[in-house]
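Presented below is the structure to which this report refers.
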Amino acid sequence: MADPSTYRPAPGAIPASPGVYKFRDAHGRVIYVGKAKSLRPRLSSYFQDVAGLHPRTATMVTTAASVEWTVVATEVEALQLEYSWIKEFDPRFNVKYRDDKSYPELAVTLNEEYPRVQVMRGAHKKGVRYFGPYGHAWAIRETVDLLLRVFPVRTCSNGVFKRARQVGRPCLLGYIGKCAAPCVGKVSADEHRELAEDFCDFMAGRTGNYLRRLEDQMQEAAAEMEYEKAARLRDDIGALKRAMEKNAIVLADATDADLLAVAEDELEAAVQIFHVRGGRVRGQRGWVTDKVEDVDTAGLVEHALQQLYGGAAAEERNESVPREVLVPALPEPLAPVREWLSGLRGSQVDLRIPQRGDKKDLMATVQRNAQQALALHKTKRASDLTTRSRALQEIADALELDSVPLRIECYDISHLQGEDVVASMVVFEDGLARKSEYRRFQIRGFEGQDDVRSMHEVISRRFRRYLQEREQTGEWAVPEEDEPAAAEPGTAAAARDEDGRPKRFAYPPQLLVVDGGQPQVAAAKRALEELGIDDVALCGLAKRLEEVWLPGEDDPVVLPRSSEGLYLLQRVRDEAHRFAISYQRNKRSKRLTAGELDSVPGLGETRRRALLKHFGSLKKLRAATVDEICAVPGIGRRTAETVAAALSSRTPAAPAVNTATGEIIEDGPDQAAEPVAAAPQTAPSQETP
C-alpha cells in the first residue's frame, strides 16, 4: 500500500477551478475519476490523515500512486467529462454512481411503431437512440420543450397514448401544437417516424442544413408576404438555436479532432492535447519541454505535431491522425506539414486555428490546461531542493562569487509614459520567493521617464536605510554622544525601529539583480559606491536575449538556455516585473479615480463614504458648517474642522452647462458622488520607504 504523502501535489499547485481529477495506481491504470467545483479543496481533502477518511476512500488513496487533473470552464462541463471518463476507463472505485443512479440521457424509442421522446437512465436498450449524457434531467426537458414546436414527436406514455386512441381526443400537447397527435390519426405512422428521425438528426449535430432550410423558407414566406408563416418559422429557428446546447466538452456533428494548445515562457513550453472522438473528449496528454533554441509558437506547434504523430506505427496511423487538427498557430510553411499529416491519415487533414463556436471554446479549455501544466511544472521545479542548490551554484560559478547567493534581491522600474513611476524590490532566499520581504517604491527625486536615474534613486534609498539600521544596532558605526544609545544586537529591541515596527532593510543581499542591461547596472553600481558598500555582488538581466551583465564589463555573461541558474534569475526578474506592474497599475487607478476628499489628512475611505452619503454631494458638503459635519456618525470636531478647511481652500468646479440650450445646470458635476479609489492590490501592503 502506498503512502498518499509520496504523491501529494505541492501546496499551491492545485488550481481553485472547476475540473475533473483521476487517481492512477502504480501501473498507470485509472482507479478513480471525480469532479469538483473547485479542485484545490477537493483534492486536499484526500490527503488528510488516512485514519479520518471513509474506509473506501482510504483504500483508494493508499492504492493510488499518482493524481492528475483537467481544468474546465464550468461545473456542468466537469460533470459531463467525469461521466465520459468513467465510461472510458471503468475505474474500480467508481462502481456505483451517487444514490445508485446513472446520469440521465435523452432517448428516442425508434423500436416502437410511434417513436417516443423521453428521459432514460441506466443500461441502454436495443433499438433506442440515446443522446447525452446530460448534467441534469431538467436540461433534457428544457431542450425537448424547445424542439417540440419544430419536431412535434409524441412524449406521452403508452397508457396515455392508448387512452387517447380510445376516446378519439388528443392530449393537451396535441392541441397546442407540440405533438403531431398520431394517436387520433392527424399524421400517419410513417410521417410520425420521419419527424422522429429528423429530431434524431438534429440532436446528433446535423443542425446546419436544417437551420439553413428553415431560414430559406422564412425568407420565401416573407417575400410572398406570408408574414404569419415567416414569424412562425422565425420562432422555430430561435427555438432550435436555444436548444443547441453550448457545451465545450461535447462538440456537434460527431466531430473527430485533436486540439493542441501551447503555454510558454522564455525557457520552457507546455503542450496539451485533447483527443475528441465522436464529439467527446476521449483522451488527454501533454508534456513540458525546454526551449533549447529560439523558437516561436508556430515552431513549437510543428515540433509537437511531429512528436504526436511521427512516432505512430504504420498500421495505426490512419486512426491516430483525425480529420481535423486545431492549433493556436499555424506552422510556416504550412503546406508541407498539412501534406505530411494527410499522407499519414490517407485522406485530407484540416489543420487550422478555430475562430468561433464550440471548437474555439474547447480550445480555450485546452489552453487553460496547458497554462496549469506549465505552472505546476514550475512549482515542482522550484520546490526541488537539489534543483535550487544547483541553480545557486551555477549562478555563483558564472558570476565568480565567493559563495552561493542565499539571498537575492531584484529591482525593476515601471511607469506609463513617464507617469506614476514606481519601483519594486523582490527577495528570494534559498531559491524561493520571500514575499513578506517584498518592498515597493515611489520615485520622488524627479519627474518624467528616466529608468537609469530611477534605478540609482531606488538602490540609494534601499541601502541608505540598510546603513541607518546598522547604525542603530551598533553594527556599523559608533553613535555620537548626543544620539540615543542603540539596542544590543540580537535582542528583540534591535529587530525593531524607534516606532516599534519591524525593520525592513536590516539584511543585505549576497546578490543584487537589476532588470536591464549596462546602463541600469552602472547606475546601481554608482549608488553602492556612493554609500561605500563593496560587499554586495551586482548583475543585470537584459530581457531581450537573456544576457547577464556585470558592472564594468563590455561583454555579457551568457548562460546556457537549459541552465538552472538562468531559470532562477529569470524567475526573480519576472517576479520583480510582475510586482512593479501591479503596483504601478494600482497607483494609476487611484490617481484617475481620486477626488477632493482623498487628500484630506486623517480621512479614510469609510468616513469619506459616510460624508458623501449624508450630504449627497460635494457641493452640499462644502456649504455645510463644522457643526453639521460633526453630526455625521464617526466624524469628530477635529476631523470636521479639517474637512471644512480643506474644502473651503479649494476652488469649486465650474457649473455644468447644457450644450443644447446654453442653460446653466444648478446641480453640476460637483454634485455627483465622489468616486472611490480602486481597491488596494493583493500584493504585500508595505509602505513606501
Taking every other residue with Cβ under 14 Å from the Cβ of A64 and scoring Lys and Arg +1, Asp and Glu -1, one gets +3
With bins of 5 Å, the percent of all Cα-Cα pairs of the stretch 359-463 per bin from 0 is 2, 10, 14, 13, 13, 13, 14, 12, 6, 2, 1, 0
Rounded to whole angstrom, the alpha-carbon centroid of the stretch 408-471 lies from that of the stretch 145-224 at a distance of 72
Using alpha carbon centers only, the stretch 605-643 is separated from the stretch 328-398 by a whole-angstrom value of 57
Total charge of the residues flanking A257 in space, meaning their Cβ is under 9 Å from its Cβ, with Lys and Arg +1 and Asp and Glu -1, is -1
Honestly the stretch 113-193 on the Cα gyration tensor test (a ≥ b ≥ c root eigenvalues; a/c under 1.5 rounded, otherwise a/b vs b/c for prolate or oblate) is just prolate
Expected unfolding gain across A123-Y175 under the 0.36 nm per residue rule, minus the alpha-carbon gap, is 15.3 nm
Measure of exposure for E215: accessible area at 1.4 Å probe, Å² rounded to 10, is 70
With no solvent term and unit scatterers on the alpha-carbon positions of the stretch 154-232, Debye gives log₁₀ I(q)/I(0) at q = 0.12, 0.17, 0.18, 0.21 Å⁻¹ of -0.49, -0.84, -0.89, -1.00
Here P(r) for the stretch 37-76, Cα-Cα distances in 10 Å bins, as whole percents, is 24, 49, 24, 2
Of the listed links K229/K360; K360/K587; K35/K359; K525/K587; K435/K619, those spanning more than 32 angstrom between alpha carbons are K229/K360; K360/K587; K435/K619
Lys and Arg at +1, Asp and Glu at -1: neighbours of D190 with Cβ under 12 Å from its Cβ sum to -3
In nanometres, the difference between 0.36 nm per residue of separation and the alpha-carbon distance of R163 and D201 is 10.7 nm
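The values are calculated or read from the model by the stated rules, or taken from the named source; none is laboratory data. Everything numeric here is computed off the predicted structure, so don't read it as measured data. For neighbour counting, all protein chains shown are included, and Cβ atoms are generated from backbone atoms with ideal geometry for every residue, glycine included. In case anyone asks, the SASA skips ligands and DNA or RNA and just uses the protein heavy atoms, side chains included. Shrake-Rupley method; radii C 1.70, N 1.55, O 1.52, S 1.80 Å.
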